[in-house]
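**Q** I'd like to ask you about the structure that follows.
The values are calculated or read from the model by the stated rules, or taken from the named source; none is laboratory data. None of the values given here were measured: they were computed from a predicted structure. Note that we place each Cβ from the backbone using ideal geometry, even for glycine, and neighbour counts take in every protein chain shown. Side chains are part of the model used for accessible areas, which takes the heavy atoms of the whole protein and leaves out ligands, DNA and RNA. Shrake-Rupley method; radii C 1.70, N 1.55, O 1.52, S 1.80 Å.
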Amino acid sequence: MNRGSGNDCNFHWDEVAKNPEGDHEPIVPIERYLENVTQLVKQVQDKNITPFLLTLPPLDPARYYRSIADKFGHSIGHFVSHVGGIEQWHGMYNRQLKSLAEELKVPLIDVRSYIKSSGDLGPLISDDGIHLTSEGYQQMSLAIFSDLRKHMEEDMFPQP
């Protein structure tokens, strides 16, 4: 089982703070991210193992930007508004991951939608706005368990 990391679509905020008007790439550009996931999937499949991909869990952009602004300064606000924020990048990486899973015919567990559907995200996302709390990880594990059970049942009782 593998999932892309939310850190992949994050930015080097120290560099952004020094030049908030400049162009900045995510830590792992989308093309390389998709190549990395593809290579991981193929390595697992070569061992006759079925890989599962997970979407990125949701984040709280307001808390996240407050957290990084406290650390790197408020100059990042200009860059954030210019590029649409990490949430836009997060969403793009998730959409691309979903497309890649379809292309590779690999099961995808949408933990993002599952966690979002559980209600108030406040207690599920830590104060830094990007990492899950223990309750958030519990919701993520329930999503994974539920989806894996569904896949196991489909394998055990295939539809004619």
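**Q** Quick check: Cα centre of segment 67-132 to Cα centre of segment 29-64, how many Å?
**A** If we compute the Cα centre of each part, the gap is 14 Å.
**Q** If you work out Rg/Rh (Cα atoms, Kirkwood Rh) from the coordinates, which of (1) 0.94; (2) 1.02; (3) 1.15 do you get?
**A** From the options (1) 0.94; (2) 1.02; (3) 1.15, the structure gives (2).
**Q** Within the accessible area of the chain, what % is carbon and sulfur when the probe is 1.4 Å and the other protein chains stay in place?
**A** Carbon and sulfur together cover 51 percent of it.
**Q** What are the ³J(HN,Hα) values, in whole Hz, obtained from phi via the Karplus relation 6.51 cos²θ - 1.76 cosθ + 1.60 with θ = phi - 60°, for each residue of segment 12-26 in sequence order, with x given for Gly and Pro?
**A** Values per residue, Gly and Pro as x: 7, 5, 5, 6, 4, 4, 6, 9, x, 8, x, 8, 9, 8, x Hz.
**Q** Per residue, how much accessible surface does the chain expose to a 1.4 Å probe? Answer in Å², no decimals.
**A** Ligands and nucleic acids excluded, the figure is 59 Å² per residue.
**Q** Where does the chain land at 222 nm, in deg cm²/dmol rounded to the nearest 500, when only DSSP H runs of n ≥ 4 count, each adding -39500 (n - 2.57), divided by all residues?
**A** -18000 deg cm²/dmol
**Q** Using 7 Å Cα-to-Cβ label points, what is the S75/D127 separation (nm, one decimal)?
**A** Distance between label points: 2.7 nm.
**Q** Counting only protein chains, not ligands or nucleic acids, how are F52, F79 ordered by accessible area (probe 1.4 Å), most first?
**A** I get F52, F79, largest accessible area first.
**Q** M152 accessible area, nearest 10 Å², 1.4 Å probe?
**A** Probe radius 1.4 Å; accessible area of M152 about 110 Å².
**Q** I've got another one for you. Across all directions of projection, what mean area in square nanometres is found for the Cα convex hull of segment 1-83?
**A** Mean orientational projected area (segment 1-83, Cα hull): 6.0 nm².
**Q** Whose amide H sits under 5 Å from the amide H of I125, counting only residues 5 or more places off or on another chain, with H placed in the peptide plane?
**A** Under 5 Å from the amide H of I125: T133.
**Q** Further question: If you take every residue apart from S134 with its C-beta less than 15 Å away from the C-beta of S134, what net charge results, scoring Lys and Arg +1 and Asp and Glu -1?
**A** -3
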